[in-house]
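Chemist: This is the structure I have questions about; it appears just below.
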Amino acid sequence: MTDTDDRSDVPRIYVACLHCYNCGRLHGRWFDVGTDPDELHHEILGFFATGCETCGDYEAECPECRAFASLFPCGGEELAVHDHEGVGPAGEAYDLPHLCAVADLLEEFSDRPVLAYLSHVDRDIDQAREGLRDSYAGSWRSAAEWAESWAEDAELGVQQLWPYVDWERYARDLELSGAVQTLEVDGVVHVFWG
């Protein structure tokens with residue numbers, strides 16, 4: 001499944017029972033991923049688990065259900081994420097805290113290339129949050145366009161010489177020196193200070 005940063009829908013995951021899957025049955029459902037992993041976990045348990053003797057069905061507000069949710073009626077006991085949309089690369093691990101942290105980043109930095117940058121920093125949430133907050137410099141059609149804009153803003157050089165500057169080469173040199181990092185997403189170059 002391919003994720004892009006220009007989507008309008010909420011991140012979501014398809015959670016399935018591994019026991020059912022291994023027995024040749026598909027028992028699962030799509031869930032919207034919010035920013036609270038406990039809330040998401042209890043929503044998922046509400047679909048899969050049986051509740052306590054008092055409630056019958058699983059009730060997230062019931063302390064007995066929350067503490068003693070029994071095995072799933074289907075006989076399974078392990079869940080997996082079998083598909084996803086809008087959360088970037090994700091395996092089958094039932095890692096709700098990480099998935100909710102991704103949703104939180106998407107919400108906090110909705111104007112930035114969150115999924116591409118998260119992939120760039122090996123899915124490290126803290127590093128992504130720091131880079132998206134502190135290092136993001138904007139987006140341009142090319143790294144050369146950014147380099148020219150930055151040089152103008154910094155008043156680097158004599159105005160008469162600028163038409164002779166190779167901005168692509170200058171941008172490449174800035175990237176190679178580690179001064180900046182660029183990510184191209186859907187034909188737009190996003191620049192991060194190094």
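The values are calculated or read from the model by the stated rules, or taken from the named source; none is laboratory data. Treat the numbers as computed from the prediction; the structure is a model and nothing was measured. Because the Cβ atoms are built from the backbone with ideal geometry, glycine has one as well, and the counts that use them run over all protein chains shown.
Chemist: Could we say that LEU45 is at pLDDT below 65 and either in the same structural domain as PRO97 (by TED's automatic domain parsing) or touching a strand residue (DSSP E or B) at 6+ places or on another chain (Cβ under 7 Å) (or both) here? Walk me through it before giving the result.
Modeler: Working: at pLDDT below 65: no; either in the same structural domain as PRO97 (by TED's automatic domain parsing) or touching a strand residue (DSSP E or B) at 6+ places or on another chain (Cβ under 7 Å) (or both): yes.
Against the criterion (at pLDDT below 65 and either in the same structural domain as PRO97 (by TED's automatic domain parsing) or touching a strand residue (DSSP E or B) at 6+ places or on another chain (Cβ under 7 Å) (or both)), LEU45 does not qualify.
Chemist: Say whether the condition of being of a type outside the set (A, V, I, L, M) and surrounded by fewer than 11 Cβ atoms within 10 Å (Cβ to Cβ) is met by at least one residue in the stretch 133-141.
Modeler: Here is the first cut: in the stretch 133-141, the residues of a type outside the set (A, V, I, L, M) are 133-136, 138-141.
Imposing the further condition that a residue be surrounded by fewer than 11 Cβ atoms within 10 Å (Cβ to Cβ) reduces the set to 134, 141.
Checked the stretch 133-141: at least one residue is of a type outside the set (A, V, I, L, M) and surrounded by fewer than 11 Cβ atoms within 10 Å (Cβ to Cβ).
Chemist: Does any residue of the stretch 51-59 turn out to be modelled with pLDDT of 80 or more, charged (D, E, K, R) and either surrounded by 13 or more Cβ atoms within 10 Å (Cβ to Cβ) or outside any strand (DSSP E or B) (or both)?
Modeler: So in the stretch 51-59, the residues modelled with pLDDT of 80 or more come out as none.
For the stretch 51-59, residues modelled with pLDDT of 80 or more, charged (D, E, K, R) and either surrounded by 13 or more Cβ atoms within 10 Å (Cβ to Cβ) or outside any strand (DSSP E or B) (or both): absent.
Chemist: Could you list all residues from the stretch 150-180 that are surrounded by 15 or more Cβ atoms within 10 Å (Cβ to Cβ) and either among the β-branched types (Val, Ile, Thr) or farther than 17 Å from GLY194 by Cβ (or both)? Give the derivation first.
Modeler: Looking only at the stretch 150-180, we keep the residues that are surrounded by 15 or more Cβ atoms within 10 Å (Cβ to Cβ), and these are 150-151, 165, 167, 170-172, 174-175, 180.
Answer for the stretch 150-180, where residues must be surrounded by 15 or more Cβ atoms within 10 Å (Cβ to Cβ) and either among the β-branched types (Val, Ile, Thr) or farther than 17 Å from GLY194 by Cβ (or both): VAL165, TRP167, VAL180.
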